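Every number here is computed from the coordinates shown, using simple stated rules; none is lab data. Computed from a predicted model, the values in this text were never measured in an experiment. Here the Cβ positions follow ideal geometry from the backbone for every residue, glycine too, while neighbour counts run over all protein chains shown.
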Amino acid sequence: MDLARFTCVDATTWRIEPRDPMRVPVIIYADENLIRDMDDKVYEQAVNVATLPGIVKASYAMPDAHWGYGFPIGGVAAFDPDHGGIVSAGGVGFDISCGVRTMLTGLKVADILPVQKPLADSLSRQIPAGVGSRGGITLDPVEMDAMLSGGASWAVARGWGEARDLERIEEVGTMAGARPECVSDRAKERQRREMGTLGSGNHYLEIQAVAEIFDPAVAQVFGLVQDDVVVTIHCGSRGLGHQIGTEFLKEMVVTAKEAGIVLPDRELACAPINSEVGQRYLGAMRAAINCALANREILGHYSRRVFAHFFPGCDLRLLFDVSHNTCKVESHVVDGKRRELFVHRKGATRAFGPGHESLPEALRPVGQPVLIGGSMGTGSYILVGDAAGEQKAFSSACHGAGRAMSRHAALKQWSGRKIVDDLAQQGILIRSPSTRGVAEEAPGAYKDVGAVVAAAEHAGLARRVARLRPLICVKG
Amino acid sequence: MNHSAAPKAGWEHFPHDADVGVRGWGSTAGEAFEQAARALKEVVTHAEVRTQAAVEVKCDAPDIEILFVEWLNAIIYEMAVRKMLFGRFAVRIDGTRLTGTLWGEQVDVARHAPACEPKGATYTALRVAKESDGRWSAACIVDV
């Protein structure tokens, strides 16, 4: 993007002044190189979000922002129901509550290396991934509704997880206000045999090594030690969330018009929070959040089973589980006044700072772990929420590296087979049913995750705690 | 990628930062829809899909562009719940209603090596129109 289109507030804060029909400014957090490389569509989409009714303070974009649907991916916006605020199915996205969890193994890299190959093979056999894969769980209608209401707590009660995990999951593992009756039969049918499946695209399960520690004090609280091994899982609400997103998008195009909301892009389809459709969507979306929380808990359980086979007595402890595509009711101080806002995060991570009441006791003094997935070759980061983040962007941070190149362009540039071989040379084992899928997710197709997290830290959104490098990557 | 089946009908993919665009064209809107469905199939696999079973779908929408998204979403739904891939399509459009037939087979991971699973068709870059050369085209971004 052309830097001349922005007011440069500081090295990582770029502002677009409001002009009709924008109701608030746009603020993008990124360094000069990241913003220059961003697609013009990010500008356009962030400006469009700024026109929506009831938006509070600003339409934000995170350092990893890229061209999305309606909202930019990496977009954050809060709406006040008492000022005509809206909820947007497009603003949450199709993969509702897609997110990341990281589990500590207590093992060292030296423990993994002798079994790296059989461990990779076993994980790729035991974790259902990719198109056509089937989970071992089938839900009848009663269990479906119990899952949609109970989330990770439901999974734990069925023996697919551990009770101590729950305090390390957003919403303590159960999203309140879920209304399974607002989820269509088609969405439920799509999920009937999908629990405990990873999906495809950018979803993965990785075995990673702690490669670098930036903040030893916080790393100690998180339980991260140099050369320790962790398991990180990235996936979401599977077919159920996709179907809910699809159906409400269609419905909200009509209801937005009926409510007199002018949509600059149909993908921004939305409904007033205080409307029948808005409330029904919130009930369905919260059910989809529970689906994602349950799904990641089950995948964590499967990982535990595989690790127990290779390392008897190995105890996988959940560090944290974050969601990226959500709309959540949160209490934030705006201009000195506390307000209940509906915060949309589309491809952005909640990043509560120290002292936040929702954090478990052990983490409260330091802040929330913010898990940033990179690409399979370059690694990932663990950040911690910063106290300054609330005033910056309603306690939000980036969610990944963000794509720098389309799948189309990646396919032209790389061969999947060669990427698998090259990464194997570097000690990174890839397991995927599709070499083309690997090429589309090539490390070079992503932005420099190091630059993204450095910009997030400089902007005061979240601070770096540790860098992780991949050892094994299972992709759908 | 650009695979023209005949001068008058064909399909292509076009780029999006995170996902992929599908476009079909033909002498009628229905034919453009059928070609775009082939582009959707190619997002998932380049392998041949055998036409062993037929599935019927019905869609309706407030306008023809949203009807196109509904058509692709109907295919995505049938792929997901039946664990099938589809390689041949027939579409009949009557105003803003559509009846379609999908021919395909069960996913065979070894043979099809599916690259990714479409999550949903979107309203981004959505366009269904009769072009100046008389051909119909139908396009949108698919979230994968």
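Here is how the numbers come out for the structure above:
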read-out: Whole-Å distance, taken between Cα centres, linking the range A:291-348 and the range A:150-178; value: 10 Å
read-out: Between the range B:71-144 and the range A:60-87, the alpha-carbon center distance in angstrom; value: 29 Å
read-out: Tail beyond 43 Å, pair distance distribution of chain A (Cα, percent); value: 8 percent
read-out: Structure-based [θ]222 nm, chain B - -39500 (n - 2.57) summed over DSSP H runs of at least 4, per residue, nearest 500; value: -8500 deg cm²/dmol
read-out: Euclidean distance between Cα centres, the range A:349-377 to the range B:49-66, Å; value: 44 Å
read-out: Two-decimal Rg/Rh across the range A:144-197, once Rg and the Kirkwood Rh are taken from alpha-carbon atoms; value: 0.99
read-out: Least to most buried among A:C98, A:C398 (fewest other Cβ within 10 Å first); value: A:C98, A:C398
read-out: Proximal lysines to A:K418, defined as alpha-carbon separation beneath 21 angstrom and excluding residues fewer than eight positions away on the same chain; value: A:K117, A:K447, A:K475
read-out: Cα-derived Rg to Rh of the range A:57-143, Kirkwood definition; value: 1.14
read-out: Cubic angstrom per residue, convex hull over Cα atoms of the range A:247-339; value: 156 Å³
read-out: q = 0.12, 0.19, 0.21, 0.24 Å⁻¹, the range B:27-143: log10 I(q)/I(0) [Debye, one scatterer per Cα]; value: -0.39, -0.96, -1.16, -1.45
read-out: Dipole of the range B:27-143, positive direction: furthest Cα of B:V91, B:A138, B:T124, with charges on the beta-carbon; value: B:V91
read-out: The range A:51-125: relative contact order as a whole-number percent, Cα under 8 Å and 6+ apart; value: 25 percent
read-out: Cβ-based exposure ranking for B:L40, A:L293, in which fewest neighbours within 10 Å come first; value: B:L40, A:L293
read-out: Residues A:V333, B:V142, sorted so that the one with the fewest Cβ neighbours within 10 Å comes first; value: A:V333, B:V142
read-out: Dipole in debye (nearest 20) - the range B:27-143, about Cα centre, beta carbon charges: Lys, Arg +1; Asp, Glu -1; value: 220 debye
read-out: Cross-link table B:K83/B:K130; A:K41/A:K188; A:K257/B:K8; A:K346/B:K83; A:K257/B:K58; A:K346/B:K119, entries beyond 27 Å C-alpha to C-alpha; value: B:K83/B:K130; A:K41/A:K188; A:K257/B:K8; A:K346/B:K83
read-out: Qualifying GluC sites (Glu not before Pro) for the range B:61-144 [loop in DSSP, other Cβ within 10 Å: at most 16]; value: B:E131
read-out: Chain B: relative contact order in percent, alpha carbon pairs under 8 Å with at least 6 residues between; value: 29 percent
read-out: Cα-based helix-to-principal-axis angle, A:416-425 vs chain A, degrees rounded to 10; value: 60 degrees
read-out: The range A:132-280: C-alpha gyration tensor shape, a/c 1.5 cut-off, then a/b vs b/c; value: prolate
